[in-house]
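The values are calculated or read from the model by the stated rules, or taken from the named source; none is laboratory data. Since we're looking at a predicted model, the values are computed, not measured. Glycine gets a Cβ as well: all are built from the backbone with ideal geometry, and neighbour counts include every protein chain shown. Areas reflect the complete protein model, heavy atoms only, side chains present, ligands, DNA and RNA absent. Shrake-Rupley method; radii C 1.70, N 1.55, O 1.52, S 1.80 Å.
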Amino acid sequence: MITVSEAASLGESQAHFKALKPWWDVLMDYLLIIMLMTSFFSATLLITMDKVVCMPKSKLAENMSNDFSKAGMATKPTLTSPKDIGHLTNLDYQQYMYVSVVCYHRVMPWQSKYFPYLALINTLLLLVSSNFWFKYPKTSSKVEHFLSILAKCFESPWTTKALEETSDQPPPEHSRQKSSSSRSMDYSPRTPLIHEMPLSFIPVSVSAILDKKEGEQAKALFEKIRHFRSHAEDSDVVYRVYVGQTVFKVVKVAIILGYSLSLVGSFSFHHPCRPGIQNLMGYSVFTCTHNLAFILEKLLVTYIILVSIYAFLSAYALFWLLTNTLKVYSFEKNSEGAGFSDIPDVKNDFAFMLHMVDLYDTLYSRRFSVFLSAVSEGRLRELALNSEWPAEKLRQMINKDANGRYELQLSMIPVIPKDVYELSEIEVLKLELISSAKFVGAVSQLKSLFELHISHCSVKMDPEAFSFIKERLKVLHVRFTDMEELPSWMYALKNLSQLHLSGNLNCSNNRSIRLQSLRGLSGLKSLSLTSNLPHFPSAVLDVAGQLSDLSIQNGDTELGTLSQLKRMNQLLQLKLCHCKISKIPGAVFGLTNLQCIDLTYNHLQYVDELGTLQRLRSLSILRLSHNAISHLPPSIEFLRNLEELSISNNKLENLPLSLFNLVRLRHLDVSYNHLRLIPPAVGHLTRLEKLTISSNQISLLPRELFRCSRLRSLHVSSNKLTRLPPEIGQLHLLTSLDLIGNNLTELPEEIANCVQLKKGRIDVEEHVLRTLSPEIRKKYL
């Protein structure tokens, strides 16, 4: 017996899965109940009322009576009965029962005896197969998890809030109607997703609508859905099991209909019987009647009709499964007007279960879409972030950079906190790895902002914010990896003076990312590109005539077509690093306004054309470090206005004497070469302020070096010096001295005359420093 509580729990279990039961499954469940009752009723009748009544049809001859007597059977005289009372027999009740049992098993067809039981078994098989995917372990776990998440999404306060914000409701800043998830509301399928009753409006804040606890629950639900999605999209076992059970039902009902239709008309009320026991009964032929034949015939017809309807529904379900793309689900049709159009298509089991839910009610998938939308997730994170990042906390993060400017850096947070706009003192704003960064009109409160750094995040802005940024922004740094991280609004910043771009702009490797025309940047003066360009982008050439500073860090990719440089006639500074340049570009010699040339980290070997640079009368800085230069030509003396020469990390073995005719040099760096000596002519560089000759093979510093009385920084580390001349005391302006890595055993006492050399500014082994007198040693230790 099934108890009431067990029956109630069975009903609750079925109700739990109702969201995944399409209309044909619901109808088939009801049909199975009727089929089960019909077959159970038929089987009950067979158990309780299935009887066969048999009567003898003819009597044996009288001469057979003697045989009965000889057989020991008592004979009774034959009585002549009146015609109106029928034919009398010589059988008693037990004999009738015996004959009925024998004839039942011999002449009754199988359908009259077993069809109700067979129908009951087939109905139970169909009942099991209809809900197999809810019970099979590999599918039930996914189904249970999916329905649990679906219910939480439907009831979550965040779902209601997100849908309210995307409908035609007042914005959060204005008065808003209070809503409660426990309040019942009347709505119909034709009404919007959430149709609020026309109650009185109560001014409430956003935080009152979604408190901290509800926000944490929503964030946890987002994470749960993300993990479930990755799990459900890995396989299509739910889809395959459902298709399998549908195919099984179609095949099963086809078999049932096949044999059931053949049984129509086979149930008979009269059955002639020859039991072969005439020696015992005295009769050879009996006429038997089956009292359930008529009702079994009617129940068979009823069962066939129910199975036919079930077969039609099963065939329709299989047709629907095979003619629709159920392994992919798109939210476009359900997100129209909802404001969540950024949801990517889902696939496999996740998609199939969403299709099944749509057959139940599309409202479920619409509310589910809120938790699959990056926009919605960004709004939730923004709401939580605003409470976690108040203005006081943000103000504590403001620092001063090397130039004394107020700088705020925000990294790896979902959105820009709204309280950032209250920090009017910010001059430099750095945004890094912010998934949903967006500037709103409130950015106009940042009156001091003029420099913006964007690193690997897509920054959007509304029209009001763009109007402010376009007028105020002077410096923009962008680091990107894909097209979305390269802001489209960048090309319309008419007052931008410096643009720094870092990312892959090689068209052969990354055709999806390319620079648009920079003509809109009418105020651009400085352009820096850190990329792997095979040639100058056409976008750069659009502003060639207005640039004063061009810097290209090319990631050891050969930069061709350098002849385009001649179009940049206003260029003051040119930096071409990691470009695999093997000789100084000829186009450079025509840029008469150049003040700085930086060709570090290239493949320069011979620079005999250095004398040609004398045409550049404004050239004051020349950087040729990290190349393969083996010697400097004597013509270098023609660069009379040169103030800085950096030629470190090359292969120089000596320095030409003509180099020391550059009397305006203030900074000379020849470190990391193969130099063995510094010519005494170095004393001609009377304006020299910084000399770096580290990591060479120099064993002695010429005394003439110390005539460079303006020298402030002297770096001679990692050489072969054995002593330091006492003339070092003549460098009264020396503030930095690096002697470490030499063979020094002592320091001259005259070093004390370097009055600007303070503690911590002399770098030498401690045992060498201890050779000084205690008074002097105390000054540096």
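Observations, loosely collected:
- For region 699-711, filtering for residues that are surrounded by fewer than 20 Cβ atoms within 10 Å (Cβ to Cβ) and out of contact with any Pro (no Cβ under 6 Å at 6 or more places or on another chain) leaves 5.
- Filter result for the condition that a residue is open to solvent by 60 Å² or more (accessible area, probe 1.4 Å), within 26 Å of Arg640 (Cβ to Cβ) and within 42 Å of the chain's Cα centre (by Cα), over Lys580, Lys575, Lys566: Lys575
- Among the residues of region 473-486, those identified as at pLDDT below 90 and crowded, with 19+ Cβ neighbours inside 10 Å are Phe480, Leu486.
- Single residue of Phe660, Phe706 found to be over 26 Å from Leu769 (Cβ atoms), in contact with a helix residue (DSSP H, G or I) (Cβ under 6 Å, 6 or more places away or on another chain) and without any contact (Cβ under 8 Å) to a residue 60 or more places away in the chain: Phe660
- The single condition from (1) open to solvent by less than 60 Å² (accessible area, probe 1.4 Å); (2) at pLDDT 95 or above that Phe660 fails is (2).
- Of the residues Ala681, Ala628, the single one that is under 23 Å from Leu559 (Cα atoms) and among the small types (Gly, Ala, Ser) is Ala628.
- In the set Gly523, Gly560, only one residue is open to solvent by less than 40 Å² (accessible area, probe 1.4 Å), small (Gly, Ala, Ser) and over 26 Å from Ser620 (Cβ atoms); that residue is Gly560.
- Of the listed requirements (1) in contact with a Leu (Cβ under 9 Å, 6 or more places away or on another chain); (2) more than 16 Å from Leu527 (Cα to Cα); (3) not hydrophobic (A, V, I, L, M, F, W, C), Gln564 misses just one: (2).
- Per this entry, Gly378 is not counted among residues that are farther than 24 Å from Ser148 by Cβ, modelled with pLDDT under 70, in a loop (DSSP other than H, G, I, E, B) and not hydroxyl-bearing (Ser, Thr, Tyr).
- Residue list for region 673-688, filter: open to solvent by 70 Å² or more (accessible area, probe 1.4 Å) and under 16 Å from His631 (Cβ atoms): His674, Arg676, Leu677
- Residue match in region 713-725 (condition: free of Cβ contacts under 8 Å to residues at least 24 places away in the same chain, open to solvent by less than 30 Å² (accessible area, probe 1.4 Å) and closer than 25 Å to Leu642 by Cα): no
- Residue in region 490-500 that is among the hydrophobic types (A, V, I, L, M, F, W, C) and within 22 Å of Leu599 (Cα to Cα) present: yes
- Any hit, region 250-259, residues being at pLDDT 85 or above and within 30 Å of Ser365 (Cα to Cα): yes
- Tally, over region 387-441, of residues that are aliphatic (A, V, I, L, M), under 21 Å from Ile469 (Cβ atoms), in a loop (DSSP other than H, G, I, E, B) and under 27 Å from the mean Cα position of the chain (by Cα): 7
- For the residues Val4, Val26, Val53, the requirement of being at pLDDT 80 or above, open to solvent by 50 Å² or more (accessible area, probe 1.4 Å) and either on the phi < 0 side of the Ramachandran plot or not β-branched (Val, Ile, Thr) (or both) singles out Val26.
- Checklist (1) without any contact (Cβ under 8 Å) to a residue 60 or more places away in the chain; (2) outside any helix (DSSP H, G or I) applied to Ser467, failing item: (2)
- Some residue of region 737-754 being touching a Gly at 6+ places or on another chain (Cβ under 9 Å), of a type in the set (Asp, Glu) and surrounded by 14 or more Cβ atoms within 10 Å (Cβ to Cβ): yes
One line per residue, one yes/no per condition, for (1) at pLDDT below 60; (2) of a type in the set (D, E, K, R); (3) buried (at least 18 other Cβ atoms within 10 Å of the Cβ); (4) closer than 30 Å to Glu233 by Cβ:
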| site | (1), (2), (3), (4) |
| --- | --- |
| Tyr114 | no, no, no, no |
| Phe132 | no, no, no, yes |
| Lys135 | no, yes, no, yes |
| Lys138 | no, yes, no, yes |
| His145 | no, no, no, yes |
| Lys161 | no, yes, yes, yes |
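- Here Lys430 meets each of (1) of a type in the set (D, E, K, R); (2) under 20 Å from Asn403 (Cβ atoms); (3) open to solvent by 70 Å² or more (accessible area, probe 1.4 Å) with one exception, condition (3).
- Looking only at residues in region 755-778 that are open to solvent by 70 Å² or more (accessible area, probe 1.4 Å) and in contact with a Lys or Arg (Cβ under 7 Å, 6 or more places away or on another chain), the one that is modelled with the highest pLDDT is Arg770.
- Complete set of residues in region 275-326 that are buried (at least 16 other Cβ atoms within 10 Å of the Cβ), at pLDDT 75 or above and over 30 Å from Leu359 (Cβ atoms): Pro275, Phe286, Cys288, Leu296, Glu297, Leu299, Leu300
- Unmet requirement for Leu547, which otherwise passes all of (1) open to solvent by 10 Å² or more (accessible area, probe 1.4 Å); (2) part of a loop (DSSP other than H, G, I, E, B): (1)
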